[in-house]
Amino acid sequence: QAGELGDAVKFFEYTSLVKPADTTGYLYAASAASESENYEKAVANYKKLVELAPSEERYGIIISLQKDYLKDIEAAQATITEAKGVLGEDNVVLNQVEIDIFIALKKVDEALGKIETAIASDPNNSRLYLRKGLLYDQLASKEMDNEEVDKDKVSGYVDEAGKAYDKTIELDDKNLTAYFNYAVIISNKARVYFNEVNLMSPKEYNKTGIAIEKKGLETLEKAVPLMEKAREIAPDDKDVLQALQNFYSTLKMNDKAEEVTKKLEELGFN
């Protein structure tokens, strides 16, 4: 209570020496250590806690401390492996945390395998389908960054992401991220066509460019209702409004573009 957290940790640990099978001392020591930002000490006490009384929550705290504060991904993965040995390979919470780590490390193939396993165990979890969509999003973005973009690959990744986002929306029709990201990947698919047109000479444009540009516009049109739905959910969201502003301008929907521009100005987003 006096704020002397270092001493508090020390004496809580003394109580654990007196009663090593009592979880109370470890719990308070871990809490005080975490509050004083002594995360290694916090992890050590939480580890003693899970030896005595393992739980999803406590393992989750250890993993979070290792991943987010100590920046030790290997230790977090080791804790996940240990926790699965205790709580089971199909544990939904642990699988979700593991997927998040794979996403952070950009190990997409491994993450997809984990997601499919997690979905099989919990088929009505919208967050798992959202993560699946995000992973295919990453693949599409990675392909878009290549010097020579494979349009078929981009299209395939977008389709897979779309299926995952559709399922997310089916299970959670207020999921802003699903609507927003789905619209963005469709617009990125359209951008492949626009980029191709931009690199054409006037002669090439007259020959094939008009048709390719039309494909891009038709593709972008499919993104509009999704982003408009995102706006219904978050009417003052800057990213949503700016995306709509761009979509409307590209599609020559000038009245709508002007309305969104005014809204952005009203909100102080220039």
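The values are calculated or read from the model by the stated rules, or taken from the named source; none is laboratory data. These numbers were taken from a predicted model, which means no experiment stands behind them. Backbone-built Cβ (ideal geometry, glycine too); neighbour counts: all protein chains shown. When the accessible area is computed, the model is the full protein with side chains, heavy atoms only, and any ligands, DNA or RNA have been set aside. Shrake-Rupley method; radii C 1.70, N 1.55, O 1.52, S 1.80 Å.
With a Förster radius of 51 Å applied to the beta-carbon distance between Asp68 and Met253, the computed FRET efficiency rounds to 0.75.
Considering only DSSP states other than H, G, I, E and B, which trypsin sites (Lys or Arg not before Pro) in the stretch 1-89 qualify as loop sites with at most 10 other Cβ atoms within 10 Å? Hits after loop and neighbour filter: Lys71. Could you give the angle, 0 to 90 degrees to the nearest 10, between helix 176-198's Cα long axis and the longest principal axis of the Cα atoms of the chain? On a 0 to 90 degree scale, this one is about 40. Annotation for Val93 and Glu37: the two label points, set 7 Å from Cα along the Cα-Cβ direction, are 2.7 nm apart.
Rounded to the nearest 20 debye, the dipole magnitude of the chain is 420 debye, with +1 charges on Lys and Arg beta carbons, -1 on Asp and Glu beta carbons, and the Cα centre as origin. Which longest uninterrupted range of the chain lacks any GluC sites (Glu not before Pro) assigned by DSSP to a loop state (not H, G, I, E or B) and surrounded by at most 16 other Cβ atoms within 10 Å? That gives 149-270 as the longest site-free run.
Relative to the dominant Cα principal axis of the chain, helix 39-52 is inclined by about 70°. Annotation: average projected area of the stretch 1-137 is 9.0 square nanometres, based on the convex hull of Cα atoms across all directions. Cα axis of helix 23-35 to longest principal axis of the chain: angle in degrees, 0 to 90, nearest 10? Tilt of helix 23-35: around 50 degrees. When the residues Phe194, Phe269 are ordered by accessible surface, computed with a 1.4 Å probe over the protein chains alone, the sequence from largest down reads Phe269, Phe194.
Scalar couplings 3J(HN,Hα) for the stretch 83-92, obtained by applying the Karplus form with A = 6.51, B = -1.76, C = 1.60 to θ = phi - 60°, are 5, 5, x, 8, 9, x, 5, 8, 4, 5 Hz; x denotes Gly and Pro. Put a dot 7 Å past the Cα of Leu17, heading toward its Cβ, do the same for Lys203, and the two dots end up 8.8 nm apart.
Compute the Cα gyration tensor for the stretch 64-164, then decide on rounded, prolate or oblate, letting a ≥ b ≥ c be the square roots of its eigenvalues: rounded whenever a/c is under 1.5, prolate when a/b is larger than b/c in the other cases, and oblate in all that remain. Here the stretch 64-164 falls in the oblate category. By definition, a body whose alpha carbon gyration tensor gives a ≥ b ≥ c is oblate when a/c is 1.5 or more and a/b is not larger than b/c, and the stretch 137-270 fits this oblate description. Estimated from the Cβ-Cβ distance and a Förster radius of 30 angstrom, the FRET efficiency linking Asn270 and Glu148 is about 0.25.
The simple Förster model, with R0 at 51 Å and r as the Cβ-Cβ distance, assigns Gln242 and Lys47 a FRET efficiency of 0.65.
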